[in-house]
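Peer 1: Structure provided below as structure tokens; questions to follow.
The values are calculated or read from the model by the stated rules, or taken from the named source; none is laboratory data. Since the structure is predicted, the reported quantities are computational estimates derived from the model, not experimental observations. Neighbour counts are summed over all protein chains in view; Cβ atoms, including those assigned to glycine, are modelled from backbone coordinates with ideal geometry. Just the protein is used for accessible areas: all its heavy atoms, side chains included, with ligands, DNA and RNA removed. Shrake-Rupley method; radii C 1.70, N 1.55, O 1.52, S 1.80 Å.
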Amino acid sequence: AQALANYYGSTMTDTDDLTDEQMRISSEVALLFKENEASNQYHKCFTDKDIDNIIKTLKLNVSCGIDGVSPEHFKFGNSNFLRRHLLALYNTMFLKTIVPSLLNIGLIIPILKKLSLNPNEPCNFRPL
């Protein structure tokens with residue numbers, strides 16, 4: 001589990017320099033996270049059982065998000081370690097009304113409804 005955390009920690013890190021405002025926000029979020037973790041305040045909204053139930057009901061064989069993580073990653077990687085971190089993330093987001101900008105990005109892949117349709121007509125595609 002630690003190897004996965006190290007890998008994703010290194011690959012999911014911005015390589016660009018942060019602006020002063022982004023650094024301020026990053027520091028503030030880190031501080032809030034530490035405060036919440038120390039006081040167990042982040043356990044007030046959602047519980048480990050909530051996270052576990054959500055993971056268990058995820059549909060499989062669907063497309064990944066922009067991060068390349070599929071529901072199978074969560075379902076088959078479901079562990080106390082994963083749930084603890086998801087619990088801290090979601091409760092911090094909920095309690096502090098903070099949504100990371102990365103979670104506001106969607107990926108839409110247009111798929112031609114039928115191969116016989118004209119690919120130059122946008123109405124002949126369905127989003128995936």
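Peer 1: Pop out the ³J(HN,Hα) list for segment 114-127 in order, Karplus 6.51 cos²θ - 1.76 cosθ + 1.60 with θ = phi - 60°, rounded to Hz; leave Gly and Pro as x.
Peer 2: 9, 5, 7, 7, 6, x, 8, 9, x, 6, 8, 10, 10, x
Peer 1: Right, here's the next one. What ³J(HN,Hα) values, in whole Hz, does the Karplus curve 6.51 cos²θ - 1.76 cosθ + 1.60 give for segment 20-32 when θ = phi - 60°, with x put for Gly and Pro?
Peer 2: Whole-Hz 3J(HN,Hα) from phi for segment 20-32: 4, 5, 5, 5, 4, 5, 4, 5, 5, 5, 4, 5, 4.
Peer 1: Long-range amide H contacts for PHE125: which residues qualify at under 5 Å (H placed 1.01 Å from N, peptide plane, sequence gap of 5 or more or a different chain)?
Peer 2: LYS113
Peer 1: Still on this structure, please answer the following. Around LEU82, under 12 Å between beta carbons, what's the net of Lys plus Arg minus Asp minus Glu among the other residues?
Peer 2: Around LEU82, the surrounding residues sum to +1.
Peer 1: Here's a follow-up. Calculate one ³J(HN,Hα) per residue across segment 57-67 by plugging θ = phi - 60° into the Karplus curve 6.51 cos²θ - 1.76 cosθ + 1.60, and present them in order as whole Hz with x for glycine and proline.
Peer 2: 3J(HN,Hα) across segment 57-67, in whole Hz: 9, 4, 6, 9, 6, 10, 6, 7, x, 4, 7.
Peer 1: Using only Cα atoms, figure out Rg for segment 49-101 and give it as a multiple of 2.2 N^0.38 Å.
Peer 2: Cα Rg divided by the expected 2.2 N^0.38 Å: 1.19.
Peer 1: In whole percent, how big is the carbon plus sulfur part of the accessible area of segment 21-128, probe 1.4 Å, protein atoms only? Before the final figure, lay out each step's value.
Peer 2: On the way: 4870 of 8010 Å².
Here carbon and sulfur together make up 61 percent of the probe-accessible area.
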